[in-house]
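Visitor: One structure is given below, represented as structure tokens, and several questions about it will come after.
The values are calculated or read from the model by the stated rules, or taken from the named source; none is laboratory data. Bear in mind that the values here come from a model prediction, so they are computed numbers and not experimental data. Positions of Cβ are generated from backbone atoms using ideal geometry, with glycine treated the same way; all protein chains shown enter the neighbour counts. The accessibility values were calculated without ligands, DNA or RNA, using every heavy atom of the protein model including side chains. Shrake-Rupley method; radii C 1.70, N 1.55, O 1.52, S 1.80 Å.
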Amino acid sequence: MGKTFLLLVALAFASQDIVTINQQSDFITSDALGNLYCIDNTQILKYNSEGEKSGYYSNSQWGNITSADASDPLRILVFYEDFNRILFLNKQLAEIGNSIDLYQFSSNETKLVCSSAQGGFWLYDSEEDQALHISANGQIIVRSILLGSLLNETEPTIMREKGELLYLLLPGKGLLVLTQLGHYRQMLHIPGIESFQIDKDGITYLKKNKCFRFTPDSQTDPQLYPGINFQGKQLRIESGILFFGDNQKINLQTVNN
């Protein structure tokens, strides 16, 4: 992608109206239907692509929410690291069944959790340097290879599954990619990534408050939306909607993606 493309992106972006949601949030996530989820301490607030509030969930029993994965909008995974538990919410943000104690699967405290399109979820055991795939029936069906030599004393900070691949963010190094069977696939050497989002064509990521785009066949990663300073790692792109902002507000803007 050259300078002409980036100029067209910038012009198209600037011509669109921005909707602002004045909502405090520790972090945000989104789903493929264009819904936004603002996570603030113990609560989740859901907004549609028009910026209208469409759902609410709060549960102080397990402390503050550590992460949320809405890759399946019908079964949203919510992780509470302090209590080593997860639970699932439906599209109305009502609980599905009971919370799950992750000590069932590992005697160690879990650091990272994400949903799996193959059913169930993944957890990362930092003591064993291993990722485990837990089935919807609560059985360990995959134990990854031991990752210690690949991590080289770097603690992963984000884990997500997409397209039968598992991605772990290694700060300062890039993305470690595993297969759905937990085998080594590749290392994407993109140092400095702060957060990332995967789609079927590539990876959008933040680095030094700027947005970049990685695709397997690109020689360099072009910068997207150069007029925006993405502070606070608040960035998601879903269904032609760009969600961006800081811990006090989120902006919604239609983009050509």
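Visitor: Limited to region 144-162, what total is found for residues that are β-branched (Val, Ile, Thr) and either in contact with a helix residue (DSSP H, G or I) (Cβ under 8 Å, 6 or more places away or on another chain) or over 19 Å from Ile198 (Cβ atoms) (or both)?
Guide: Final tally of qualifying residues: 2.
Visitor: Pick out the one residue from Leu181, Leu176 that is of a type in the set (A, V, I, L, M), out of contact with any Phe, Trp or Tyr (no Cβ under 9 Å at 6 or more places or on another chain) and at pLDDT 95 or above.
Guide: Step by step, each of Leu181, Leu176 is checked, and only Leu181 is of a type in the set (A, V, I, L, M), out of contact with any Phe, Trp or Tyr (no Cβ under 9 Å at 6 or more places or on another chain) and at pLDDT 95 or above.
Visitor: Look through Gln180, Gln234, Gln248 and report the one residue that is out of contact with any helix residue (DSSP H, G or I) (no Cβ under 8 Å at 6 or more places or on another chain), touching a residue at least 12 places away in the same chain (Cβ under 8 Å), under 22 Å from Tyr47 (Cα atoms) and open to solvent by 20 Å² or more (accessible area, probe 1.4 Å).
Guide: After applying the criteria, what remains is Gln248.
Visitor: List every residue pair whose Cβ atoms lie under 6 Å apart, where the two residues are 6 or more positions apart in sequence or sit on different chains, the first residue falls within region 134-162 and is under 27 Å from Tyr205 (Cα atoms), and the second residue, located anywhere, is aromatic (Phe, Trp, Tyr).
Guide: Listed by first residue and then by second, the contacts come to Met159/Tyr124; Arg160/Tyr167.
Visitor: Tell me which residues, restricted to region 114-130, are over 17 Å from Gly163 (Cα atoms) and surrounded by 21 or more Cβ atoms within 10 Å (Cβ to Cβ).
Guide: Leu123, Tyr124, Asp125 - these are the residues of region 114-130 that are over 17 Å from Gly163 (Cα atoms) and surrounded by 21 or more Cβ atoms within 10 Å (Cβ to Cβ).
Conditions tested, residue by residue: (1) under 26 Å from Phe105 (Cα atoms); (2) surrounded by fewer than 19 Cβ atoms within 10 Å (Cβ to Cβ).
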{"position": "Ala32", "(1), (2)": "no, yes"}
{"position": "Gly51", "(1), (2)": "no, yes"}
{"position": "Gly55", "(1), (2)": "no, yes"}
{"position": "Arg75", "(1), (2)": "yes, yes"}
{"position": "Asp82", "(1), (2)": "yes, yes"}
{"position": "Leu89", "(1), (2)": "yes, no"}
